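Novice: What follows is a single structure, and I will ask about it in a moment.
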Amino acid sequence: QNNTFANNSQEAILSSNKLPDFSNNSGSENGVNAIVLDTVQTQANSTTTLSVNSLPFILDGYSTVVSSSTLVIASPNQLKAKNTGRLKANGRLIIQGTNSNDIVFTSINGANPAKGDWYGLWIENGYLKMNGATIKYAGENVFGGASAGLVLENSTAIIENSAFENNKNSAIYMSGSN
């Protein structure tokens, strides 16, 4: 919390395995000015918050919200994803923005993004409350054949004040969900 990362050869922060809380960190002149989440998961029976940072978060690999946990994404925040980046929630995913540009999930390919650059959000047997977020350039076909920015399978979702832009095939794919 409240750290500065400068002139490091690679990532400002690389988090692998368990997802800790990060807040109010900044960085410059690093190989990657970001907090890289490399195949992380939340801890069972806990709540983890992706707090406000001047560094964006990068999804690299298959990150999971386990069934007995909650991940809260605070506003404002930006999550960029590599081509293998995805966020799967079997637990509770709470995205706490107000306007559609408060929390943005997008491709890491900022200059030349394309539909399907990354996999997207997948809520399976879980719960999603999404307010004030945008999902764009997602939808790479990985979720059991579904190609969408947001996939909901056997889940409950409340989606408000959000936008879905330039996703491959569908913006939202639903199966057995409400």
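Novice: Can we say TYR127 is free of Cβ contacts under 8 Å to residues at least 40 places away in the same chain and surrounded by fewer than 18 Cβ atoms within 10 Å (Cβ to Cβ)?
Specialist: Yes; evaluated as a whole, the condition is true for this residue.
To keep it simple, each residue is scored yes or no on (1) among the acidic types (Asp, Glu); (2) under 14 Å from the mean Cα position of the chain (by Cα).
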| residue | (1), (2) |
| --- | --- |
| ASP102 | yes, yes |
| ASN109 | no, no |
| ALA114 | no, no |
| GLY120 | no, yes |
| LEU128 | no, yes |
| ALA133 | no, yes |
| VAL151 | no, yes |
| ILE159 | no, no |
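Novice: Report the residue count in segment 50-99 for those that are farther than 13 Å from LEU37 by Cβ and at pLDDT below 90.
Specialist: Residues in segment 50-99 being farther than 13 Å from LEU37 by Cβ and at pLDDT below 90: 4 in total.
Novice: So how many residues does segment 10-40 have that are open to solvent by 30 Å² or more (accessible area, probe 1.4 Å) and of a type in the set (Ser, Thr, Tyr)?
Specialist: So the count comes out to 4.
Novice: Of everything in segment 53-102 that's crowded, with 18+ Cβ neighbours inside 10 Å and touching a Pro at 6+ places or on another chain (Cβ under 6 Å), which residue is farthest from ASN30 (Cα to Cα)?
Specialist: Per the stated criteria, the residue is ASP102.
Novice: Within segment 74-83, is there a residue that is polar (S, T, N, Q) and over 25 Å from ASN166 (Cβ atoms)?
Specialist: Scanning segment 74-83, I find no residue that is polar (S, T, N, Q) and over 25 Å from ASN166 (Cβ atoms), so the answer is no.
Novice: Can GLN43 be described as within 29 Å of ASN169 (Cβ to Cβ), out of contact with any Gly (no Cβ under 9 Å at 6 or more places or on another chain) and open to solvent by 30 Å² or more (accessible area, probe 1.4 Å)? So that I can check it myself, show each step before the final result.
Specialist: Details: within 29 Å of ASN169 (Cβ to Cβ): no; out of contact with any Gly (no Cβ under 9 Å at 6 or more places or on another chain): yes; open to solvent by 30 Å² or more (accessible area, probe 1.4 Å): yes.
Spelling it out, it is not the case that GLN43 is within 29 Å of ASN169 (Cβ to Cβ), out of contact with any Gly (no Cβ under 9 Å at 6 or more places or on another chain) and open to solvent by 30 Å² or more (accessible area, probe 1.4 Å).
Novice: Next question, about the same structure. Do we find a residue being touching a Pro at 6+ places or on another chain (Cβ under 9 Å), buried (at least 17 other Cβ atoms within 10 Å of the Cβ) and assigned to a strand (DSSP E or B) anywhere in segment 106-118?
Specialist: The answer is yes; a qualifying residue exists.
The values are calculated or read from the model by the stated rules, or taken from the named source; none is laboratory data. Since this is a predicted model, take the numbers as computed values, not measurements. Neighbour counts are summed over all protein chains in view; Cβ atoms, including those assigned to glycine, are modelled from backbone coordinates with ideal geometry. Note: accessible area is taken over every heavy atom of the protein model, side chains too, but ligands, DNA and RNA are not part of it. Shrake-Rupley method; radii C 1.70, N 1.55, O 1.52, S 1.80 Å.
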